[in-house]
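Asker: Sharing a structure below in structure tokens format, with a few things to ask.
The values are calculated or read from the model by the stated rules, or taken from the named source; none is laboratory data. Since the structure is predicted, the reported quantities are computational estimates derived from the model, not experimental observations. All Cβ positions, glycine included, derive from the backbone under ideal geometry; neighbour counts span all protein chains shown. Remember, those area values only see protein heavy atoms, side chains included, never the ligands or the DNA or RNA. Shrake-Rupley method; radii C 1.70, N 1.55, O 1.52, S 1.80 Å.
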Amino acid sequence: MDKTIKSDPNYYKKIIVALCLGWVAIWIYRTILTPIYPQIQESLGDVTGTQMGLVASVYFFAYTGMQIPSGILVDKFGQKRVLVPAFIAFAIAAVIIGTSSTIMQVYLGSLIAGISTGSYYGAAFSLSAKHTPKDKKSFANAIINSGSALGMIIGLIGSSVLVGGLQIQWNYTLFITAIIIVAVTFVFMLFIKQDKVSVNKEDEVEEKKEAAQSANTSSESLFAPKQLVIYFVYFATCYGYYMIVTWLPSFLVSEKGFDQGSVGYVAALVAVTAVPGALLFTKYIDKNAHMRLRLILLLLIAASVTIGLTVFAPNPPVLYVALILYGLLGKLAIDPVLITYVSDSVSGDKVARALTLFNFFGMSSSVIAPALTGYIGDVAGSQVLAFYIATILLALAAVLFFLVVMLRQKKTPANEL
């Protein structure tokens, strides 16, 4: 490890700030279009719900496909050399979408954005895993992840106000996003150090010892039954979340009768409550690691129930409660606990690959959920069935997690993946 990094006890705090801002930029992009799908469809011509759903699916297809390759790149070249070029390409992608006159150009921009941001997950969390003190890892991951909630709030409310309220052309929201991405790129250049070089002998010996200790706890195959269940858990968690992120604003307008100008505020309830929920749970888990699996099971059950309640809500107050509880107990609360669980199970030189493999399986649901939800809406005239599917997947994940992971816990160490 670089001596400059070693001599700076606050370096991990700078990393947390920079990576949090990275998620802010990514999630502004991911959510800024969803409340204004009707305006985009009108602007581009005769575009169906299925075609609009494919905008998100193209992005997530590219994002998911980059997970494993990006992990290899990060392990080989270091995080900074991957992050900076990727975010430059990300800014270009936002401009391409902002200048679109056809749906195919939107797909092209989404593809480039997916490839570029697909390099972020492994780089971000391997960087935090490497430099954050062990007793602060889950909490640090929660702070980094909170950037996604903040970005979601800005994206949903910003586009609703600018386009739905102030009648600004939807294209300008993408140009603003590109400026934000460029600003975050400069933060990466300033805060993140290239620490893949100049390893002295003392540090090298220390890292080899840590790698050997980690290897002893991860002898089980990454494709053993328990690991496959972990992957399915993340698949189900992501499926419900990305369905909500992509289609909840439209669902609230068409199925629940909400006004277009206010729908972004309602959908943002998920993100507002996600931050305190994630910070609270991870602070607890850092001090009570033995409760980690029980907490994951509880959160899976809660996420399933609250998504189902969103469909059955008879009036707005009940719907608000369902969305608040989903934000508090859903994906963003589960994520940092699972991320720490995965990163602790492998040697330091393989953390990025382990995380990107885990994220690959989880994010594959983000390719399916947006397009399938749009297709269900086109065919059935309602998206209710799509919400049922998300509820069932989470319930099934909870059952499998209990049967395969928790029951085996009596026979295997808690930190084994």
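Asker: Among Thr34, Thr48, which is of a type outside the set (Gly, Ala, Ser), over 21 Å from the mean Cα position of the chain (by Cα) and within 27 Å of Ser160 (Cβ to Cβ)?
Answerer: Numbers: Thr34 fails: over 21 Å from the mean Cα position of the chain (by Cα).
Result: Thr48 is the single residue among Thr34, Thr48 that is of a type outside the set (Gly, Ala, Ser), over 21 Å from the mean Cα position of the chain (by Cα) and within 27 Å of Ser160 (Cβ to Cβ).
Asker: Tell me, which residue of the range 131-155 that is part of a helix (DSSP H, G or I) and of a type in the set (Ser, Thr, Tyr) is surrounded by the fewest Cβ atoms within 10 Å (Cβ to Cβ)? Can you show your working first?
Answerer: Kept after step one, since they are part of a helix (DSSP H, G or I), are these residues of the range 131-155: 131, 134-155.
Restricting the remaining residues to those that are of a type in the set (Ser, Thr, Tyr) gives 138, 146, 148.
On the way: Ser138: 27, Ser146: 23, Ser148: 27.
Only one residue fits best here, namely Ser146.
Asker: Out of the range 1-11, which residues are at pLDDT 85 or above and surrounded by fewer than 18 Cβ atoms within 10 Å (Cβ to Cβ)?
Answerer: Residues satisfying the conditions do not exist here.
Asker: What helices (runs of 4 or more DSSP H) completely inside the range 223-306 contain at least 2 residues that are surrounded by 24 or more Cβ atoms within 10 Å (Cβ to Cβ) and at pLDDT 80 or above?
Answerer: 225-254, 269-287
Asker: What pairs can you find where one residue is in the range 388-405 and touching a residue at least 12 places away in the same chain (Cβ under 8 Å), the other is in a helix (DSSP H, G or I) and among the charged types (D, E, K, R), and their Cβ atoms are less than 7 Å apart, with a gap of 6+ or different chains?
Answerer: Listed by first residue and then by second, the contacts come to Val404/Lys226; Val405/Lys226.
Asker: Continuing with the same structure: Mind counting the residues in the range 188-204 that are at pLDDT 50 or above and open to solvent by 30 Å² or more (accessible area, probe 1.4 Å)?
Answerer: Residues flagged as at pLDDT 50 or above and open to solvent by 30 Å² or more (accessible area, probe 1.4 Å) within the range 188-204 amount to 5.
Asker: So, one more: Of the residues Ile334, Ile376, which is buried (at least 18 other Cβ atoms within 10 Å of the Cβ), modelled with pLDDT of 85 or more, in contact with a Leu (Cβ under 7 Å, 6 or more places away or on another chain) and more than 17 Å from Phe232 (Cβ to Cβ)? Steps first, please.
Answerer: Details: Ile334 fails: more than 17 Å from Phe232 (Cβ to Cβ).
The match here is Ile376.
Asker: When residues of the range 327-346 are filtered for being in contact with a Gly (Cβ under 8 Å, 6 or more places away or on another chain) and of a type outside the set (A, V, I, L, M), how many remain?
Answerer: Matching residues across the range 327-346 total 3.
Asker: Restricting attention to the range 318-330, does a residue exist that is at pLDDT 80 or above, open to solvent by less than 10 Å² (accessible area, probe 1.4 Å), over 22 Å from Ser146 (Cα atoms) and out of contact with any strand residue (DSSP E or B) (no Cβ under 8 Å at 6 or more places or on another chain)?
Answerer: Checked against the condition, which is being at pLDDT 80 or above, open to solvent by less than 10 Å² (accessible area, probe 1.4 Å), over 22 Å from Ser146 (Cα atoms) and out of contact with any strand residue (DSSP E or B) (no Cβ under 8 Å at 6 or more places or on another chain), the range 318-330 yields at least one hit.
Asker: Which one is nearest to Leu252 (Cα to Cα) among residues in the range 156-179 that are open to solvent by less than 30 Å² (accessible area, probe 1.4 Å) and of a type in the set (A, V, I, L, M, F, W, C)?
Answerer: Restricting to residues being open to solvent by less than 30 Å² (accessible area, probe 1.4 Å) and of a type in the set (A, V, I, L, M, F, W, C), the top hit is Leu156.
Asker: Return yes when Thr310 is more than 21 Å from Leu252 (Cα to Cα), surrounded by 21 or more Cβ atoms within 10 Å (Cβ to Cβ) and touching a residue at least 40 places away in the same chain (Cβ under 8 Å) and no when it is not.
Answerer: Answer is no for this residue.
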